[in-house]
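Contents: one structure, followed by commentary.
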Amino acid sequence: MFDFDVLMLARVAPLVNSLALLIALSGAWLVLATRWRRQLSNAAASHAGSHTCAIEQGAAAATRRLDRFFYGFGFSSLGLACLLSSLTRLS
């Protein structure tokens with residue numbers, strides 16, 4: 001019923017590896033962009049001093065939540081890319 005040919009897997013492996021590379025590059029870019037954004041916001045906060053209002057503290061909390069989501073999504077993308085790449089080496 002399921003007759004997998006080795007030649008078919010050999011043709012599909014580069015496509016899956018290309019997909020893994022695309023996912024890894026986008027995940028790495030997301031992690032690096034989030035890191036850069038966090039460093040810029042920390043630098044802006046240090047220049048502003050310790051006097052912040054409640055609205056700015058709420059915005060900072062929302063930014064931290066968004067950064068946490070982007071880090072999670074970026075590292076999940078990197079993990080998925082590693083998984084896809086390792087699956088092509090099974091055959």
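The values are calculated or read from the model by the stated rules, or taken from the named source; none is laboratory data. Everything numeric here is computed off the predicted structure, so don't read it as measured data. Glycine also receives a Cβ, built like all others from the backbone with ideal geometry; neighbour counts cover every protein chain displayed.
Looking at region 64-73, which of the residues that are closer than 22 Å to Ser26 by Cβ and exposed (fewer than 14 other Cβ atoms within 10 Å of the Cβ) is farthest from the chain's Cα centre (by Cα)?
As a first pass, look at region 64-73 and keep what is closer than 22 Å to Ser26 by Cβ: 65-73.
With exposed (fewer than 14 other Cβ atoms within 10 Å of the Cβ) added as a condition, the list becomes 65-66, 68-69, 72.
Working: Arg65: 15, Leu66: 13, Arg68: 11, Phe69: 10, Gly72: 7 Å.
The qualifying residue farthest from the chain's Cα centre (by Cα) is Arg65.
Any chance region 54-65 includes a residue that's in contact with a Lys or Arg (Cβ under 9 Å, 6 or more places away or on another chain) and either at pLDDT 95 or above or charged (D, E, K, R) (or both)?
Yes: region 54-65 contains one or more residues that are in contact with a Lys or Arg (Cβ under 9 Å, 6 or more places away or on another chain) and either at pLDDT 95 or above or charged (D, E, K, R) (or both).
Taking the stated definitions as given, is Trp29 farther than 22 Å from Leu80 by Cβ and modelled with pLDDT of 90 or more?
Details: farther than 22 Å from Leu80 by Cβ: no; modelled with pLDDT of 90 or more: yes.
Against the criterion (farther than 22 Å from Leu80 by Cβ and modelled with pLDDT of 90 or more), Trp29 does not qualify.
What are the residues in region 74-85 that are closer than 14 Å to Ala28 by Cα and loosely packed, with under 15 Cβ neighbours inside 10 Å, if any?
Initial filter on region 74-85 (closer than 14 Å to Ala28 by Cα): 74-82.
Scanning region 74-85 gives Phe75, Ser76, Gly79, Cys82.
Restricting attention to region 38-45, does a residue exist that is surrounded by 12 or more Cβ atoms within 10 Å (Cβ to Cβ), in a helix (DSSP H, G or I) and either polar (S, T, N, Q) or at pLDDT 95 or above (or both)?
Of the residues in region 38-45, the ones surrounded by 12 or more Cβ atoms within 10 Å (Cβ to Cβ) are 38, 41, 45.
From what's left, in a helix (DSSP H, G or I): 38, 41, 45.
So of that shortlist, the ones also either polar (S, T, N, Q) or at pLDDT 95 or above (or both) come out as 41.
Checked against the condition, which is being surrounded by 12 or more Cβ atoms within 10 Å (Cβ to Cβ), in a helix (DSSP H, G or I) and either polar (S, T, N, Q) or at pLDDT 95 or above (or both), region 38-45 yields at least one hit.
Return only the number of the condition from (1) of a type outside the set (Phe, Trp, Tyr); (2) over 22 Å from Leu78 (Cα atoms); (3) surrounded by 10 or more Cβ atoms within 10 Å (Cβ to Cβ); (4) at pLDDT 70 or above that Leu9 does not satisfy.
Leu9 satisfies all of (1) of a type outside the set (Phe, Trp, Tyr); (2) over 22 Å from Leu78 (Cα atoms); (3) surrounded by 10 or more Cβ atoms within 10 Å (Cβ to Cβ); (4) at pLDDT 70 or above except (4).
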